[in-house]
Amino acid sequence: MDTNKQTSKNIVLIGFMGVGKTSAGKVLANKLDRQFVDTDEQIEKEMNMPTATIFEALGESAFRKKEKEVILTLCDKQNGTIISPGGGAFLQQEIREACLSSSIVIFLDLSWEAWQERLPEIFDSRPVLHDKSVEEMKQLFNERKKLYEQNYHVRIAIDQLSIEETAQQMITALRKSESSTIH
Ligand code: S3P
């Protein structure tokens with residue numbers, strides 16, 4: 001399907017924590033025969049501890065610094081990698097700019113109502129949520145949504161979609177997108 005892997009743009013999936021960037025990204029990478037990188041996993045490997053421990057032991061700023069380093073390095077390589085950054089990565093302007101200029105950015109858009117149903121599954125491993133009430137989480141969700149809405153090339157509403165359907169819709173959208181090299 002992808003005949004020009006060496007020169008293909010990277011694809012970056014954005015969206016709030018727990019929307020399925022990693023699951024859908026893995027399926028997409030598989031379908032397009034591309035490499036996949038979950039940047040949280042990469043950070044954990046390089047820092048040799050889980051994200052929650054990095055936040056606890058070293059603070060959020062140490063995590064964000066490493067996150068920037070990992071993502072900018074990935075953006076420098078134009079090799080068609082599917083990249084799943086953490087939901088907070090786009091808070092950093094340098095990351096936003098690097099991703100938007102080097103890659104196709106896909107916003108996986110889940111509603112607050114649908115996200116809330118996933119909360120019990122994702123809570124423990126997301127330190128950003130730990131000190132927050134549901135009202136505060138909703139506020140963060142809406143703030144982040146505004147950020148994602150201003151910084152994407154392709155948007156997919158995923159409330160009604162399975163992981164497989166999400167990946168399929170991404171492929172359809174990428175095919176339509178002018179900047180895509182997928183044919
Ligand atoms: C974060 C999202 C997490 C992870 C970290 C911080 C955030 O990634 O990077 O816990 O600030 O939104 P996921 O979006 O993959 O959950």
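Details
- GNM remark for the chain: springs join alpha carbons under 10 Å apart, and the peak mean-square fluctuation among 145, 132, 21 falls on 132.
- Going by neighbour counts of Cβ atoms within 10 Å, the residues 153, 130 line up, fewest first, as 130, 153.
- A straight chain from residue 146 to residue 124 at 0.36 nm per residue would run longer than the Cα-Cα distance by 5.4 nm.
- Choice from 28, 161, 58 with maximal GNM fluctuation in the chain (Cα, 10 Å cutoff): 58
- Bins of 10 Å, starting at 0 and running to the largest distance - Cα pair percent for segment 1-119: 14, 43, 34, 8, 0
- Applying a threshold of 24 Å to the alpha-carbon distances of 21/65; 31/66; 65/138 flags 31/66; 65/138 as lying beyond it.
- Amide H contacts of residue 38: 84, each under 5 Å away and 5 or more positions distant or on a separate chain (H built 1.01 Å from N in the peptide plane; Pro and chain starts excluded).
- Amide hydrogen neighbours beyond the local backbone of residue 17, cut-off 5 Å, H modeled: 87
- Length-normalised contact order of the chain in % [C-alpha pairs under 8 Å, at least 6 apart]: 35 percent
- Projected label distance in nm at residue 139 and residue 176, using a 7 Å step from Cα toward the beta-carbon: 3.7 nm
- MRE, 222 nm, helices only [DSSP H, n ≥ 4, -39500 (n - 2.57), over the chain, to nearest 500]: -16500 deg cm²/dmol
- Scanning residues 5 or more positions from residue 105 or on other chains, those with amide H under 5 Å from its amide H are 12, 153, 154, with H placed 1.01 Å from N in the peptide plane.
- Mean-position separation - Cα centroids, segment 104-176 and segment 83-103, in angstrom: 15 Å
- Among 17, 47, 170, the residue with the largest mean-square fluctuation in a Gaussian network model of the chain, with springs joining Cα atoms closer than 10 Å, is 47.
- In segment 34-78, one over the average inverse separation of all distinct C-alpha pairs is 10.9 Å, which is the Kirkwood hydrodynamic radius.
- When the pairs 77/146; 45/176; 9/132; 132/176; 68/176; 77/132 are compared against a 32 Å limit on Cα-Cα distance, 45/176; 9/132; 132/176; 77/132 fall above it.
FYI, it's all coordinate maths here, none of it is from the lab. Model, not experiment: these values are computed from the prediction. Using ideal geometry, Cβ is built from the backbone for each residue, glycine included, and neighbour counts are taken over all protein chains shown.
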